[in-house]
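Undergrad: First, the structure itself, so that you have it in front of you.
The values are calculated or read from the model by the stated rules, or taken from the named source; none is laboratory data. Please read all numbers here as calculations on a predicted model, not as lab measurements. Here the Cβ is made from the backbone with ideal geometry for all residues, glycine too, and neighbour counts use every protein chain on show.
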Amino acid sequence: MTELIAPESPSIHSLQKPLTLPGGLTLPNRVVQAPCTRNRATADLSPSAGASDYYAARAEAGLLITEATLITPDAQGYLDTPGLFLDSHVAAWSVVTRAVHDRGGRIFAQLWHTGRISHSHWSGCQPVSASAVLDPILRRQAGANTLYNEMPRALSSDEVWGVVALFRRAAQRALDAGFDGVEIHGANGYLIEQFLRQHTNRRDDDWGGSTAGRSRFALEVVRACLAVWGPGRVGLRLSPAAYFGEMQWREGDNETYINLLQNLAFEAIAYVHTGVVEDKFYAELGATSSAFLRQHWPGVLIGNGGYSPESAAQQVAKKSFDLIAFGKLFLANPDLVPRMFARAPLLPYTAETMLGLR
Ligand SMILES: Cc1cc2nc3c(=O)[nH]c(=O)nc-3n(C[C@H](O)[C@H](O)[C@H](O)COP(=O)(O)O)c2cc1C
(Lines give C-alpha, C1' and ligand atoms only; values in the text may rest on other atoms or scores of the structure.)
Protein backbone atom coordinates (compact mmCIF):
# COMPACT_ATOMS: atom_id res chain seq x y z
CA MET A 1 0.00 0.00 0.00
CA THR A 2 1.21 3.51 -0.83
CA GLU A 3 2.35 5.55 2.10
CA LEU A 4 0.77 8.99 2.31
CA ILE A 5 2.68 12.16 3.13
CA ALA A 6 0.99 13.74 6.15
CA PRO A 7 0.77 17.55 5.91
CA GLU A 8 2.98 19.50 8.28
CA SER A 9 1.30 22.03 10.51
CA PRO A 10 2.26 25.52 9.18
CA SER A 11 -0.36 27.48 7.24
CA ILE A 12 -0.46 27.37 3.46
CA HIS A 13 -2.71 30.40 3.31
CA SER A 14 -0.27 32.43 1.17
CA LEU A 15 -0.73 29.92 -1.69
CA GLN A 16 -4.48 30.54 -1.77
CA LYS A 17 -4.26 34.21 -2.72
CA PRO A 18 -4.96 35.19 -6.34
CA LEU A 19 -2.33 36.97 -8.42
CA THR A 20 -2.78 39.04 -11.55
CA LEU A 21 0.06 38.77 -14.07
CA PRO A 22 1.23 41.88 -15.89
CA GLY A 23 -1.11 42.12 -18.88
CA GLY A 24 -4.14 41.18 -16.81
CA LEU A 25 -4.40 37.38 -16.60
CA THR A 26 -5.58 36.56 -13.07
CA LEU A 27 -4.47 33.30 -11.46
CA PRO A 28 -6.85 32.19 -8.69
CA ASN A 29 -4.03 30.78 -6.54
CA ARG A 30 -0.22 30.68 -6.37
CA VAL A 31 0.24 27.05 -7.42
CA VAL A 32 1.72 26.27 -10.85
CA GLN A 33 2.08 22.89 -12.48
CA ALA A 34 5.78 22.69 -13.43
CA PRO A 35 6.46 21.56 -16.99
CA CYS A 36 7.07 17.79 -16.95
CA THR A 37 7.99 15.67 -19.96
CA ARG A 38 5.78 12.59 -20.20
CA ASN A 39 7.13 10.83 -23.35
CA ARG A 40 3.66 9.92 -24.54
CA ALA A 41 3.34 11.77 -27.88
CA THR A 42 1.94 10.00 -30.93
CA ALA A 43 3.94 8.99 -34.03
CA ASP A 44 3.67 12.50 -35.56
CA LEU A 45 4.58 14.04 -32.15
CA SER A 46 1.07 15.25 -31.35
CA PRO A 47 0.01 15.10 -27.69
CA SER A 48 -1.62 11.75 -27.00
CA ALA A 49 -5.36 11.18 -26.66
CA GLY A 50 -4.88 11.02 -22.88
CA ALA A 51 -3.22 14.43 -22.66
CA SER A 52 -6.48 16.36 -22.34
CA ASP A 53 -7.54 14.27 -19.32
CA TYR A 54 -4.05 14.54 -17.84
CA TYR A 55 -3.99 18.35 -18.00
CA ALA A 56 -7.70 18.90 -17.24
CA ALA A 57 -7.32 16.79 -14.07
CA ARG A 58 -4.86 19.45 -12.81
CA ALA A 59 -6.92 22.49 -13.89
CA GLU A 60 -7.35 23.81 -10.34
CA ALA A 61 -3.75 25.06 -10.53
CA GLY A 62 -3.36 28.80 -10.79
CA LEU A 63 -1.44 28.04 -13.99
CA LEU A 64 -0.56 24.86 -15.90
CA ILE A 65 2.61 24.75 -17.96
CA THR A 66 2.82 21.95 -20.50
CA GLU A 67 5.59 19.43 -20.87
CA ALA A 68 8.41 20.82 -23.04
CA THR A 69 7.15 21.06 -26.62
CA LEU A 70 9.42 20.98 -29.68
CA ILE A 71 9.53 24.00 -32.00
CA THR A 72 11.12 21.89 -34.76
CA PRO A 73 11.63 18.15 -35.41
CA ASP A 74 15.38 18.88 -35.64
CA ALA A 75 15.37 19.49 -31.86
CA GLN A 76 14.10 16.09 -30.76
CA GLY A 77 16.37 14.50 -28.18
CA TYR A 78 14.08 12.19 -26.25
CA LEU A 79 11.47 9.56 -27.00
CA ASP A 80 7.91 10.63 -27.91
CA THR A 81 8.06 14.30 -26.92
CA PRO A 82 5.31 16.44 -28.45
CA GLY A 83 5.69 19.34 -30.88
CA LEU A 84 4.09 22.56 -32.03
CA PHE A 85 5.48 22.67 -35.54
CA LEU A 86 2.71 21.00 -37.60
CA ASP A 87 -0.91 21.96 -38.20
CA SER A 88 -1.88 18.56 -36.78
CA HIS A 89 -0.18 19.59 -33.53
CA VAL A 90 -2.39 22.69 -33.37
CA ALA A 91 -5.48 20.53 -33.76
CA ALA A 92 -4.35 18.05 -31.09
CA TRP A 93 -3.33 20.74 -28.57
CA SER A 94 -6.68 22.52 -29.17
CA VAL A 95 -8.40 19.50 -27.63
CA VAL A 96 -6.15 19.87 -24.56
CA THR A 97 -6.64 23.62 -24.13
CA ARG A 98 -10.42 23.25 -24.53
CA ALA A 99 -10.54 20.54 -21.85
CA VAL A 100 -8.51 22.72 -19.45
CA HIS A 101 -10.66 25.80 -20.15
CA ASP A 102 -13.87 23.78 -19.72
CA ARG A 103 -12.63 23.00 -16.20
CA GLY A 104 -11.85 26.68 -15.55
CA GLY A 105 -8.06 26.39 -15.90
CA ARG A 106 -5.29 28.35 -17.63
CA ILE A 107 -2.47 26.73 -19.63
CA PHE A 108 0.82 27.95 -21.16
CA ALA A 109 2.79 25.88 -23.70
CA GLN A 110 6.47 25.41 -22.90
CA LEU A 111 8.48 26.01 -26.11
CA TRP A 112 11.67 23.97 -26.43
CA HIS A 113 14.78 23.60 -28.53
CA THR A 114 17.20 21.09 -27.04
CA GLY A 115 20.25 22.25 -29.06
CA ARG A 116 23.17 19.88 -28.44
CA ILE A 117 20.89 17.44 -26.58
CA SER A 118 18.96 16.61 -29.76
CA HIS A 119 19.89 13.29 -31.37
CA SER A 120 20.01 12.14 -35.00
CA HIS A 121 18.31 8.91 -33.91
CA TRP A 122 15.09 10.94 -33.75
CA SER A 123 15.85 14.17 -35.60
CA GLY A 124 17.74 12.66 -38.54
CA CYS A 125 20.31 15.49 -38.41
CA GLN A 126 23.39 16.63 -36.51
CA PRO A 127 22.58 18.62 -33.34
CA VAL A 128 23.15 22.36 -33.41
CA SER A 129 24.30 24.65 -30.61
CA ALA A 130 25.98 27.98 -29.92
CA SER A 131 29.37 26.28 -30.39
CA ALA A 132 30.70 22.78 -31.08
CA VAL A 133 30.91 21.63 -27.44
CA LEU A 134 29.85 18.06 -26.64
CA ASP A 135 27.92 17.01 -23.54
CA PRO A 136 29.83 13.79 -22.77
CA ILE A 137 27.62 12.78 -19.86
CA LEU A 138 23.93 12.51 -20.72
CA ARG A 139 22.83 9.27 -22.34
CA ARG A 140 19.45 7.75 -22.89
CA GLN A 141 17.92 4.51 -24.07
CA ALA A 142 16.14 3.99 -27.36
CA GLY A 143 14.88 0.46 -26.93
CA ALA A 144 17.96 -1.73 -26.45
CA ASN A 145 20.32 0.98 -27.79
CA THR A 146 22.14 3.39 -25.52
CA LEU A 147 22.35 6.76 -27.27
CA TYR A 148 25.37 8.93 -26.50
CA ASN A 149 25.29 12.62 -27.29
CA GLU A 150 26.62 13.69 -30.67
CA MET A 151 29.04 16.55 -31.32
CA PRO A 152 26.92 19.58 -32.26
CA ARG A 153 27.84 22.08 -34.95
CA ALA A 154 27.73 25.81 -34.29
CA LEU A 155 24.79 27.64 -35.84
CA SER A 156 25.77 30.37 -38.34
CA SER A 157 24.60 33.87 -37.48
CA ASP A 158 21.82 33.67 -40.08
CA GLU A 159 20.76 30.26 -38.78
CA VAL A 160 20.38 31.74 -35.28
CA TRP A 161 17.80 34.16 -36.71
CA GLY A 162 16.17 31.11 -38.31
CA VAL A 163 15.77 29.48 -34.89
CA VAL A 164 14.32 32.72 -33.50
CA ALA A 165 11.78 32.52 -36.34
CA LEU A 166 10.98 28.91 -35.40
CA PHE A 167 10.20 30.03 -31.83
CA ARG A 168 7.96 32.75 -33.27
CA ARG A 169 6.14 30.27 -35.50
CA ALA A 170 5.60 27.85 -32.61
CA ALA A 171 4.33 30.76 -30.47
CA GLN A 172 1.82 31.51 -33.24
CA ARG A 173 0.75 27.86 -33.34
CA ALA A 174 0.29 27.95 -29.56
CA LEU A 175 -1.98 30.98 -29.99
CA ASP A 176 -3.92 29.17 -32.73
CA ALA A 177 -4.27 26.13 -30.44
CA GLY A 178 -6.03 28.19 -27.77
CA PHE A 179 -3.27 28.37 -25.15
CA ASP A 180 -3.29 31.27 -22.68
CA GLY A 181 0.39 32.02 -23.26
CA VAL A 182 3.80 30.46 -23.76
CA GLU A 183 6.78 29.75 -21.55
CA ILE A 184 10.16 29.83 -23.28
CA HIS A 185 12.39 27.02 -22.02
CA GLY A 186 15.60 28.87 -21.29
CA ALA A 187 16.65 26.49 -18.50
CA ASN A 188 18.11 23.05 -17.83
CA GLY A 189 20.98 23.10 -20.29
CA TYR A 190 19.02 23.32 -23.55
CA LEU A 191 19.69 25.62 -26.52
CA ILE A 192 18.95 28.96 -24.87
CA GLU A 193 21.14 28.12 -21.87
CA GLN A 194 23.82 26.86 -24.28
CA PHE A 195 23.93 30.44 -25.63
CA LEU A 196 23.91 31.99 -22.15
CA ARG A 197 26.93 30.10 -20.76
CA GLN A 198 30.60 30.60 -21.52
CA HIS A 199 31.14 26.83 -21.29
CA THR A 200 28.96 26.21 -24.36
CA ASN A 201 29.07 29.61 -26.08
CA ARG A 202 32.59 30.17 -27.44
CA ARG A 203 31.41 32.50 -30.23
CA ASP A 204 33.02 35.83 -31.05
CA ASP A 205 30.20 37.22 -33.21
CA ASP A 206 27.14 39.21 -32.04
CA TRP A 207 25.61 36.06 -30.45
CA GLY A 208 28.49 35.62 -28.01
CA GLY A 209 31.78 37.14 -26.93
CA SER A 210 30.35 39.37 -24.17
CA THR A 211 27.59 39.34 -21.56
CA ALA A 212 25.32 41.23 -23.98
CA GLY A 213 26.23 38.86 -26.83
CA ARG A 214 25.52 35.71 -24.81
CA SER A 215 22.16 37.03 -23.54
CA ARG A 216 21.06 38.23 -26.99
CA PHE A 217 19.56 34.96 -28.27
CA ALA A 218 17.32 34.60 -25.20
CA LEU A 219 16.25 38.22 -25.55
CA GLU A 220 15.46 37.90 -29.28
CA VAL A 221 13.39 34.75 -28.64
CA VAL A 222 11.44 36.60 -25.94
CA ARG A 223 10.83 39.53 -28.33
CA ALA A 224 9.72 37.19 -31.12
CA CYS A 225 7.18 35.47 -28.85
CA LEU A 226 5.95 38.79 -27.45
CA ALA A 227 5.40 40.01 -31.02
CA VAL A 228 2.87 37.17 -31.39
CA TRP A 229 1.33 37.23 -27.94
CA GLY A 230 1.51 40.79 -26.62
CA PRO A 231 2.11 41.82 -23.01
CA GLY A 232 1.90 39.40 -20.10
CA ARG A 233 1.52 36.16 -22.05
CA VAL A 234 5.16 35.11 -22.39
CA GLY A 235 7.16 33.61 -19.50
CA LEU A 236 10.82 32.61 -19.42
CA ARG A 237 12.37 29.72 -17.50
CA LEU A 238 16.00 30.14 -16.45
CA SER A 239 18.36 28.05 -14.32
CA PRO A 240 21.18 30.36 -13.27
CA ALA A 241 22.57 27.64 -10.98
CA ALA A 242 23.84 25.60 -13.99
CA TYR A 243 22.69 22.16 -13.08
CA PHE A 244 21.26 20.03 -15.86
CA GLY A 245 22.75 18.76 -19.13
CA GLU A 246 26.43 18.97 -18.11
CA MET A 247 26.17 22.72 -17.74
CA GLN A 248 29.18 24.29 -16.06
CA TRP A 249 29.12 27.56 -14.19
CA ARG A 250 31.97 29.94 -15.02
CA GLU A 251 33.06 33.18 -13.40
CA GLY A 252 31.18 35.89 -15.28
CA ASP A 253 28.07 33.81 -16.07
CA ASN A 254 26.06 35.62 -13.40
CA GLU A 255 26.75 38.89 -15.23
CA THR A 256 25.19 37.40 -18.38
CA TYR A 257 22.04 36.54 -16.44
CA ILE A 258 22.00 39.99 -14.83
CA ASN A 259 22.37 41.60 -18.27
CA LEU A 260 19.47 39.49 -19.57
CA LEU A 261 17.24 40.30 -16.59
CA GLN A 262 18.00 44.02 -16.88
CA ASN A 263 17.00 43.94 -20.54
CA LEU A 264 13.90 41.86 -19.79
CA ALA A 265 12.72 44.60 -17.44
CA PHE A 266 11.96 46.62 -20.60
CA GLU A 267 9.90 43.78 -22.10
CA ALA A 268 6.33 43.04 -21.01
CA ILE A 269 6.86 39.44 -19.98
CA ALA A 270 4.53 37.56 -17.63
CA TYR A 271 7.14 36.06 -15.30
CA VAL A 272 10.54 34.50 -14.80
CA HIS A 273 10.55 30.88 -13.58
CA THR A 274 13.40 29.09 -11.76
CA GLY A 275 14.45 25.83 -13.42
CA VAL A 276 15.00 22.46 -11.69
CA VAL A 277 16.96 22.88 -8.47
CA GLU A 278 17.48 25.61 -5.99
CA ASP A 279 20.74 24.40 -4.54
CA LYS A 280 24.19 23.61 -5.91
CA PHE A 281 26.31 26.72 -6.50
CA TYR A 282 23.99 29.19 -4.83
CA ALA A 283 23.45 26.95 -1.82
CA GLU A 284 27.16 27.16 -1.15
CA LEU A 285 26.71 30.91 -0.92
CA GLY A 286 23.78 30.44 1.44
CA ALA A 287 21.37 31.60 -1.27
CA THR A 288 19.15 30.02 -3.93
CA SER A 289 18.55 30.49 -7.65
CA SER A 290 15.29 32.23 -6.93
CA ALA A 291 17.05 34.54 -4.45
CA PHE A 292 19.52 35.44 -7.21
CA LEU A 293 16.67 36.02 -9.67
CA ARG A 294 14.66 37.99 -7.09
CA GLN A 295 17.61 40.27 -6.53
CA HIS A 296 17.86 41.14 -10.21
CA TRP A 297 14.29 40.69 -11.48
CA PRO A 298 11.60 43.13 -10.34
CA GLY A 299 8.67 41.26 -11.90
CA VAL A 300 6.69 38.10 -11.10
CA LEU A 301 8.91 35.17 -10.09
CA ILE A 302 8.00 31.47 -9.95
CA GLY A 303 10.04 29.42 -7.48
CA ASN A 304 10.59 25.69 -7.98
CA GLY A 305 12.63 22.75 -6.88
CA GLY A 306 12.12 20.39 -3.97
CA TYR A 307 9.48 22.39 -2.11
CA SER A 308 6.67 20.96 -0.03
CA PRO A 309 3.39 22.91 0.18
CA GLU A 310 4.44 24.17 3.61
CA SER A 311 7.96 25.29 2.68
CA ALA A 312 6.64 26.90 -0.52
CA ALA A 313 3.93 28.75 1.41
CA GLN A 314 6.54 30.13 3.79
CA GLN A 315 8.64 31.42 0.90
CA VAL A 316 5.61 33.00 -0.83
CA ALA A 317 4.61 34.63 2.48
CA LYS A 318 8.17 35.99 2.78
CA LYS A 319 7.94 37.15 -0.86
CA SER A 320 11.00 35.11 -1.86
CA PHE A 321 8.92 34.35 -4.93
CA ASP A 322 5.31 35.02 -5.98
CA LEU A 323 4.23 31.61 -7.32
CA ILE A 324 5.44 28.08 -6.70
CA ALA A 325 5.72 25.39 -9.39
CA PHE A 326 5.41 21.78 -8.27
CA GLY A 327 6.72 19.04 -10.57
CA LYS A 328 6.88 15.63 -8.92
CA LEU A 329 4.07 16.33 -6.43
CA PHE A 330 1.78 17.34 -9.29
CA LEU A 331 2.67 14.19 -11.23
CA ALA A 332 1.79 12.06 -8.22
CA ASN A 333 -1.34 14.05 -7.24
CA PRO A 334 -3.53 15.28 -10.11
CA ASP A 335 -5.78 16.85 -7.46
CA LEU A 336 -2.81 18.47 -5.71
CA VAL A 337 -4.48 21.87 -5.27
CA PRO A 338 -7.73 20.76 -3.62
CA ARG A 339 -5.84 18.18 -1.55
CA MET A 340 -3.33 20.75 -0.40
CA PHE A 341 -5.94 23.35 0.43
CA ALA A 342 -8.01 20.76 2.32
CA ARG A 343 -4.81 19.82 4.22
CA ALA A 344 -5.30 16.23 3.06
CA PRO A 345 -2.32 13.83 2.79
CA LEU A 346 -0.42 13.73 -0.50
CA LEU A 347 0.75 10.74 -2.51
CA PRO A 348 4.55 10.54 -2.90
CA TYR A 349 6.27 10.60 -6.30
CA THR A 350 7.50 7.16 -7.29
CA ALA A 351 8.90 5.42 -10.37
CA GLU A 352 5.37 4.14 -10.98
CA THR A 353 4.09 7.72 -11.14
CA MET A 354 6.75 8.57 -13.71
CA LEU A 355 5.82 5.63 -15.88
CA GLY A 356 2.16 6.54 -15.61
CA LEU A 357 1.25 3.27 -13.96
CA ARG A 358 -0.88 5.15 -11.49
C1 LIG B 1 9.57 13.50 -15.10
C2 LIG B 1 10.04 14.92 -15.17
C3 LIG B 1 9.99 15.59 -16.39
C4 LIG B 1 10.42 16.93 -16.47
N5 LIG B 1 10.30 17.60 -17.66
C6 LIG B 1 10.56 18.93 -17.71
C7 LIG B 1 10.26 19.68 -18.88
O8 LIG B 1 9.73 19.17 -19.88
N9 LIG B 1 10.55 21.01 -18.87
C10 LIG B 1 11.13 21.62 -17.79
O11 LIG B 1 11.38 22.84 -17.83
N12 LIG B 1 11.40 20.93 -16.66
C13 LIG B 1 11.10 19.63 -16.58
N14 LIG B 1 11.28 18.93 -15.42
C15 LIG B 1 11.71 19.66 -14.21
C16 LIG B 1 10.47 20.10 -13.40
O17 LIG B 1 9.75 21.11 -14.08
C18 LIG B 1 10.88 20.66 -12.03
O19 LIG B 1 11.78 21.72 -12.24
C20 LIG B 1 11.56 19.61 -11.15
O21 LIG B 1 10.79 18.42 -11.10
C22 LIG B 1 11.79 20.15 -9.72
O23 LIG B 1 10.56 20.49 -9.11
P24 LIG B 1 9.86 19.53 -8.01
O25 LIG B 1 10.88 19.34 -6.92
O26 LIG B 1 8.63 20.26 -7.57
O27 LIG B 1 9.57 18.23 -8.71
C28 LIG B 1 10.89 17.59 -15.33
C29 LIG B 1 10.94 16.90 -14.11
C30 LIG B 1 10.51 15.60 -14.01
C31 LIG B 1 10.54 14.89 -12.68
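Undergrad: Anything in the stretch 31-57 that is basic (Lys, Arg) and surrounded by fewer than 18 Cβ atoms within 10 Å (Cβ to Cβ)? List them, or say none.
TA: 40 - this is the single residue of the stretch 31-57 that is basic (Lys, Arg) and surrounded by fewer than 18 Cβ atoms within 10 Å (Cβ to Cβ).
Undergrad: What is the number of the single condition among (1) closer than 23 Å to residue 238 by Cα; (2) modelled with pLDDT under 90; (3) part of a loop (DSSP other than H, G, I, E, B) that residue 358 does not meet?
TA: (1)
Undergrad: State the number of residues belonging to the stretch 12-27 that are touching a helix residue (DSSP H, G or I) at 6+ places or on another chain (Cβ under 9 Å), at pLDDT 95 or above and not hydroxyl-bearing (Ser, Thr, Tyr).
TA: 3
Undergrad: Please verify whether the stretch 224-237 includes one or more residues that are more than 17 Å from the chain's Cα centre (by Cα), among the basic types (Lys, Arg) and outside any loop (DSSP other than H, G, I, E, B).
TA: No, there is no match, as no residue in the stretch 224-237 is more than 17 Å from the chain's Cα centre (by Cα), among the basic types (Lys, Arg) and outside any loop (DSSP other than H, G, I, E, B).
Undergrad: Restricting attention to the stretch 58-87, and to residues there that are of a type in the set (Gly, Ala, Ser) and in contact with a helix residue (DSSP H, G or I) (Cβ under 9 Å, 6 or more places away or on another chain), which single residue is surrounded by the fewest Cβ atoms within 10 Å (Cβ to Cβ)?
TA: 59
Undergrad: Another one. Take the stretch 118-149 and flag every residue that is of a type in the set (A, V, I, L, M) and at pLDDT below 90.
TA: 137, 138, 142, 144
Undergrad: Would you be able to say whether some residue in the stretch 195-208 is buried (at least 17 other Cβ atoms within 10 Å of the Cβ), assigned to a helix (DSSP H, G or I) and not charged (D, E, K, R)?
TA: The answer is yes, given that some residue of the stretch 195-208 is buried (at least 17 other Cβ atoms within 10 Å of the Cβ), assigned to a helix (DSSP H, G or I) and not charged (D, E, K, R).
Undergrad: Using the structure shown, decide if residue 81 is at pLDDT below 95 and either within 19 Å of residue 35 (Cβ to Cβ) or not basic (Lys, Arg) (or both).
TA: No; evaluated as a whole, the condition is false for this residue.
Undergrad: Could you pull out the residue among 286, 299 that is away from the ligand (no atom under 16 Å from the Cβ), in a loop (DSSP other than H, G, I, E, B) and at pLDDT 95 or above?
TA: 299
Undergrad: Looking only at the stretch 309-334, count every residue that is more than 9 Å from the ligand (Cβ to nearest atom) and either among the β-branched types (Val, Ile, Thr) or not in a helix (DSSP H, G or I) (or both) and tell me the total.
TA: Looking only at that region, the number is 9.
Undergrad: Any idea which residue in the stretch 82-103 is nearest to residue 159 (Cα to Cα), counting only those that are free of Cβ contacts under 8 Å to residues at least 60 places away in the same chain, out of contact with any Leu (no Cβ under 6 Å at 6 or more places or on another chain) and in a loop (DSSP other than H, G, I, E, B)?
TA: 86
Undergrad: Looking only at the stretch 178-195, count how many residues are under 14 Å from residue 163 (Cα atoms) and among the hydrophobic types (A, V, I, L, M, F, W, C).
TA: Residues flagged as under 14 Å from residue 163 (Cα atoms) and among the hydrophobic types (A, V, I, L, M, F, W, C) within the stretch 178-195 amount to 4.
Undergrad: I've got another one for you. Out of the residues in the stretch 316-333 meeting the condition of being out of contact with any helix residue (DSSP H, G or I) (no Cβ under 8 Å at 6 or more places or on another chain) and within 20 Å of residue 61 (Cβ to Cβ), tell me which one is modelled with the highest pLDDT.
TA: 325
Undergrad: Residues in the stretch 54-68: is at least one modelled with pLDDT of 95 or more, of a type in the set (S, T, N, Q) and within 16 Å of the ligand (Cβ to nearest atom)?
TA: Scanning the stretch 54-68, I find at least one residue that is modelled with pLDDT of 95 or more, of a type in the set (S, T, N, Q) and within 16 Å of the ligand (Cβ to nearest atom), so the answer is yes.
Undergrad: Please verify whether residue 306 is of a type in the set (Gly, Ala, Ser), assigned to a loop (DSSP other than H, G, I, E, B) and within 14 Å of the ligand (Cβ to nearest atom), treating the condition exactly as stated.
TA: Answer is yes for this residue.
Undergrad: Does the stretch 335-351 hold any residues that are crowded, with 18+ Cβ neighbours inside 10 Å and either within 11 Å of the ligand (Cβ to nearest atom) or under 19 Å from the mean Cα position of the chain (by Cα) (or both), and which are they?
TA: 336
Undergrad: Considering only residues of the stretch 104-126 that are within 22 Å of residue 171 (Cα to Cα) and in a loop (DSSP other than H, G, I, E, B), which is farthest from the chain's Cα centre (by Cα)?
TA: Out of the qualifying residues, it is 105.
Undergrad: Kindly check whether there is at least one residue in the stretch 171-178 that is within 16 Å of the ligand (Cβ to nearest atom) and within 23 Å of the chain's Cα centre (by Cα).
TA: The answer is yes, given that some residue of the stretch 171-178 is within 16 Å of the ligand (Cβ to nearest atom) and within 23 Å of the chain's Cα centre (by Cα).
Undergrad: When residues of the stretch 240-283 are filtered for being under 15 Å from residue 197 (Cα atoms), modelled with pLDDT under 90 and among the hydroxyl-bearing types (Ser, Thr, Tyr), how many remain?
TA: Of the residues in the stretch 240-283, 1 are under 15 Å from residue 197 (Cα atoms), modelled with pLDDT under 90 and among the hydroxyl-bearing types (Ser, Thr, Tyr).
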